Amino acid sequence: MTNKKENLIIIMSDEHQGRALGCIGHPFVKTPNIDRLAQKGVIFSNAYTSCPICVPARASFATGLPVHKNRLWDNAMPYYGQIPSWGHSLQSQNISVESIGKLHYRSQEDDDGFDKKHIPMMVVDGVGMVWGSIRRENERKLVYRNERMLGKYIGPGNSKYTDYDEAVVQKAIDWLEKKQNLNEQEPWCLYIGLVAPHFPLVVPQKYFDMYPREILPEIKLDPDKGYKMHPWIAKQNEIRNSNNQFNDENEKWSAISAYFGLCSFLDDNIGKIINAVNDNGFIDNTNIIYTSDHGDNVGTRGLWGKSNFYEESCCIPLILSGPMIKKGICETPVTLMDLSETIVDHFQCKSPNDGPGETLYKILENEYDDTRIAFSEYHASSSISGAYMIRKGKWKYIHYVGFQPELFDLEKDPEEIFDLSQVDDYNSILNELKSDLFKICDPEEINKQAFIDQDKMIKGFGGIEAAGKLGATGATPPPK
């Protein structure tokens, strides 16, 4: 628990790989401003999303509950305040709580736990990506879209997303200046949502030029060089195979340069926010949290976007920085649900729900916990069955309904190259982690429930043909 008089700023980006930070030793990515934030706080090096796709992850962050408790399974089921959020908890204690930027909730008009929402990005028309909820193998082909998810153009330049992030940053700077002029004595909470490095993979030239082809490593586990995808992943990738949609090899490498360029573009924007916090006199009484909703595969294993449980996709950056924060690195596994608990604890408010999260402040008081579990799940776009992840100590277990699991020793094999699930010597750890999963939920029953809820929604929109026409193909458009 922190001093109740300290303000709190939460900055959440979109699709930022947990490892794509200079402060944890990435070999080439440049993030000096995030590194500066980390120098005054703690890095949670094993932080995970609750779900590796935007809308369910953000709903879980709001409520502190796992996806199967929210039953907001995919990008067509946005949060709108139907379950209490950490914002509602703050409001109940008269803590000022506002948002600027991307939320990916349902609507500006909803009571979702913010006193004010400034230029929010929400799901399209309050509905979202309904066609992505059509997941059965014999049905999803009926609504297949050949349009490229990553965008029509890839490379240097400006996009609506980079323009939007710049507008969000300027709004945040203006907000901090106004708040300073009010000279209020009570603590406040500000959430700032940025969209970089989410595709479209377009970034201003100076950032694109920071990552020329010659400094980029070869693609890890490249299917073009013999890597075989796990069968569940291969089935998922059949319907959205971005790796086969590049014009040529040069464009693929441009996509990688643009992604890491967007990481540095994001970093510059975070630097502007930190400077505004400092310039307006808040740096000594404000904690800042930086995180992302999930990661991005960026070509590894021939995959792009998110939607799986490999580290590139489900591991997220998480930094807690402030004047009284213990400095260093915390390796205990944590998730976005813990972040929800941290926000209410910061202001000494009650949790909005009886979730599994634990405040980061308390986790920092203890030694590394190799028994603590980070849990994530996926029931969304392109998946033909539910998938679940357990991170415990050095182990990662991935459970696929209807398919064999995967097991990785992240201490010996941080790149997740060697699946140990079919090796007899690891049967005991495999069974232990499977048992841990079943203590959280019954994966078969939850898989059935997700399909029941999605089928009901699809029927409500008029059936598969009608529902298949609803929702953006790729990135959600920003507000005008």
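Could you rank the peptides 175-185, 68-78 by their average count of other C-beta atoms within 10 Å per residue, with the highest value first?
Ranking the peptides 175-185, 68-78 by packing returns 68-78, 175-185.
Tell me which residues come under 5 Å, amide H to amide H, from Ala20 once H is placed; ignore anything under 5 positions away on its chain.
Residues meeting the criterion, in which the H sits 1.01 Å from N, do not exist here.
Residue by residue through the stretch 132-144, which ³J(HN,Hα) values in whole Hz follow from phi under the Karplus form 6.51 cos²θ - 1.76 cosθ + 1.60 (θ = phi - 60°), with glycine and proline marked x?
For the stretch 132-144, the Karplus-derived couplings read x, 7, 8, 10, 4, 4, 7, 10, 5, 5, 6, 10, 4 Hz, x marking Gly and Pro.
Scan (1) 20.7; (2) 22.6; (3) 25.1 for the value of mean projected area of the Cα convex hull in nm² calculated from this model and give just the label.
Read-out from the structure maps to (1).
Taking amide H positions as placed 1.01 Å from N in the peptide plane, with prolines and chain starts having none, which residues 5 or more places from Leu194, or on another chain, fall under 5 Å of its amide H?
Met12, Ser13, Lys102
Among rounded, prolate and oblate, which fits the stretch 360-432 when a ≥ b ≥ c are the square roots of the eigenvalues of its C-alpha gyration tensor, a/c under 1.5 means rounded, and a/b larger than b/c means prolate? Spell out each step's value before the answer.
Numbers: a/c = 2.22, a/b = 1.30, b/c = 1.71.
Oblate shape, in that a/c is at least 1.5 and b/c is the bigger or equal ratio.
Which of the GluC sites (Glu not before Pro) found in the stretch 343-381 are in a DSSP loop and have at most 11 neighbouring Cβ atoms, other than their own, within 10 Å? Walk me through the intermediate numbers first.
On the way: sites: Glu358, Glu365, Glu367, Glu377; in loops: Glu358, Glu367.
When the GluC sites (Glu not before Pro) of the stretch 343-381 are filtered for loop state and at most 11 Cβ neighbours within 10 Å, Glu367 remain.
When the helices in the chain are scored as -39500 (n - 2.57) per DSSP H run of 4 or longer and the sum is shared across all residues, what 222 nm value do you end up with, to the nearest 500 deg cm²/dmol? Before the final figure, lay out each step's value.
Numbers: 15 runs with 157 residues, N = 480.
So the calculated ellipticity at 222 nm is -9500 deg cm²/dmol.
Can you give the relative contact order of the chain as a percent, counting alpha carbon pairs under 8 Å and 6+ residues apart? Intermediate values should be presented prior to the final figure.
Numbers: 1072 pairs, mean separation 135.6, N = 480.
Computed value for the chain: 28 percent relative contact order.
Mind checking the stretch 297-355 for trypsin sites (Lys or Arg not before Pro) that DSSP puts in a loop (not H, G, I, E or B) and that have at most 12 other Cβ atoms within 10 Å?
Working: sites: Arg301, Lys306, Lys326, Lys327, Lys350; in loops: Lys306, Lys326, Lys327, Lys350.
Here the trypsin sites (Lys or Arg not before Pro) that fit, given the DSSP loop and packing criteria, are Lys326, Lys327, Lys350.
Report, by chain and number, residues whose modeled amide H sits under 5 Å from the one on His118, excluding near sequence neighbours (fewer than 5 apart, same chain).
Amide H to amide H, under 5 Å and 5 or more residues apart or across chains, His118 pairs with Ser99, Ile100, Gly101.
Ranked highest first by average number of other Cβ atoms within 10 Å, how do 138-148, 26-36 line up? Walk me through the numbers on the way to the answer.
Values: 138-148: 13.6, 26-36: 17.8.
Averaged packing, sorted descending, gives the order 26-36, 138-148.
Quick one: Asp248, Asp442, fewest Cβ neighbours within 10 Å first, how do they rank? Working shown, then result.
On the way: Asp248 8, Asp442 12.
Listed from fewest to most nearby Cβ atoms, that is Asp248, Asp442.
If packing is taken as the mean number of other Cβ atoms within 10 Å per residue, what is the order of 52-62, 414-424, highest first? All intermediate terms of the calculation are to be shown ahead of the outcome.
Values: 52-62: 28.6, 414-424: 13.7.
Final packing ranking: 52-62, 414-424.
I'd like the distance separating the alpha-carbon centroids of the stretch 60-93 and the stretch 222-254, in whole Å.
Taking the Cα centre of each part, the stretch 60-93 and the stretch 222-254 sit 34 Å apart.
On a C-alpha basis, how far is the centre of the stretch 417-480 from the centre of the stretch 312-374 in Å? Whole number, if you could?
25 Å
What list of ³J(HN,Hα) couplings, whole Hz, do you get for the stretch 179-193 from phi and the Karplus terms 6.51, -1.76, 1.60, once you set θ to phi - 60° and write x for glycine and proline?
Values per residue, Gly and Pro as x: 4, 5, 5, 6, 6, 6, 9, 7, x, 9, 10, 10, 9, 10, x Hz.
Tell me, what ³J(HN,Hα) does each residue in the stretch 28-41 have, in order and in whole Hz, if you take phi through Karplus 6.51 cos²θ - 1.76 cosθ + 1.60 with θ = phi - 60° and put x for Gly and Pro?
After applying 6.51 cos²θ - 1.76 cosθ + 1.60, I find 8, 5, 10, 9, x, 6, 5, 4, 5, 4, 5, 5, 10, x Hz.
We did not get these values from a lab; they are worked out from the coordinates using the rules stated. The structure displayed is predicted, hence computed values, not measured ones. No Cβ is skipped: glycine too gets one built from the backbone with ideal geometry, and neighbour counts run over all protein chains shown.
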